[in-house]
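Trainee: The structure is given below, and queries will be raised subsequently.
The values are calculated or read from the model by the stated rules, or taken from the named source; none is laboratory data. Since this is a predicted model, take the numbers as computed values, not measurements. FYI the Cβ positions are ideal-geometry reconstructions off the backbone, even for glycines, and counts take in every protein chain you see.
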Amino acid sequence: MFNSILRRLAGLLMTLVAGPVLAAAVSLSGELDDPANTALVASDMGVARFDDDLATANNVALHVLHVTVGGSVNVTSTGFAAGGIDPYFTLFSGTDRATATFQESNYLHALSVGGDFSQDLLLDAGDYTLAIGVFQNLSFAENLGSGFLADGFTALGGPSFFGDGHYAFTITLPAAAVPEPGSTLLGLAGVWATVWSARRRRTPTLNGG
């Protein structure tokens, strides 16, 4: 019985001292010139356009992102190195286009360096919309400093930023919070107190009591 208790407590100890579980990774990929890509909209938020190179280059892919646990979220683009678009991403808080507001973008990297990037964001738990387009096709919400996703995009992107039209992103989300050191120490103290108490109950006294 005592050995059984020890085994259970050993498992509890492993839980208390273990680090965070592996973060969840979400892959987003597609092509801005693919009529079968259901994530696409035109820069004015209407139906995606494919009638000429300029219109196609200003299509935007909208992907819903669910953040279960708040924390550091990493957004990494890898499509440009493989011949894809010179990417511009915009993150909106919310999934309702009429009320989703601008949160983040890769503006600084896109303006100064361009191409693929890796960017860390600090996000609360909730639902977001990730908009993916080519460089210079900013949202009006970001460009004007106010507004919503439904206001659309500037359509200032062009074929020179299009490449072969494909995009590839990996979003790494926090999957669980790391226990605070104080909480872990309190848990360990409780575990050892339980072990000591159980051991004393199992140890006979000298007078046979």
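Trainee: Look at Val134 and say whether it is within 14 Å of the chain's Cα centre (by Cα) and at negative phi.
Mentor: Considered against the rule, which asks whether it is within 14 Å of the chain's Cα centre (by Cα) and at negative phi, Val134 comes out as no.
Trainee: Could you tell me which numbered condition Gly84 fails, if it satisfies all but one of (1) in contact with a helix residue (DSSP H, G or I) (Cβ under 9 Å, 6 or more places away or on another chain); (2) under 26 Å from Phe162 (Cα atoms)?
Mentor: Single failed check for Gly84: (1).
Trainee: Could you count how many residues in the range 115-152 are part of a strand (DSSP E or B) and closer than 25 Å to Leu54 by Cβ?
Mentor: Summing the residues that are part of a strand (DSSP E or B) and closer than 25 Å to Leu54 by Cβ in the range 115-152 gives 7.
Trainee: Of the residues that make up the range 130-138, is at least one surrounded by fewer than 19 Cβ atoms within 10 Å (Cβ to Cβ), of a type outside the set (S, T, N, Q), touching a residue at least 12 places away in the same chain (Cβ under 8 Å) and in contact with a strand residue (DSSP E or B) (Cβ under 6 Å, 6 or more places away or on another chain)?
Mentor: no
Trainee: Looking only at residues that are hydrophobic (A, V, I, L, M, F, W, C) and more than 14 Å from the chain's Cα centre (by Cα) in the range 90-106, which one is nearest to Ser146 (Cα to Cα)?
Mentor: Phe102
Trainee: Restricting to strands (runs of 3 or more DSSP E) lying wholly in the range 1-78: which have 1 or more residues that are among the acidic types (Asp, Glu) and modelled with pLDDT of 95 or more?
Mentor: Once the strands (runs of 3 or more DSSP E) in the range 1-78 are filtered for at least 1 residues that are among the acidic types (Asp, Glu) and modelled with pLDDT of 95 or more, what remains is 24-31.
Trainee: Out of all the residues in the range 39-57, which are of a type outside the set (Gly, Ala, Ser) and in contact with a Lys or Arg (Cβ under 8 Å, 6 or more places away or on another chain)?
Mentor: If the condition is that a residue be of a type outside the set (Gly, Ala, Ser) and in contact with a Lys or Arg (Cβ under 8 Å, 6 or more places away or on another chain), then Met45, Thr56 are the ones that fit.
Trainee: Can you tell me which residue within the range 23-52, out of those that are of a type in the set (Asp, Glu) and touching a residue at least 24 places away in the same chain (Cβ under 8 Å), is nearest to Leu138 (Cα to Cα)?
Mentor: Only one residue tops the list, namely Asp44.
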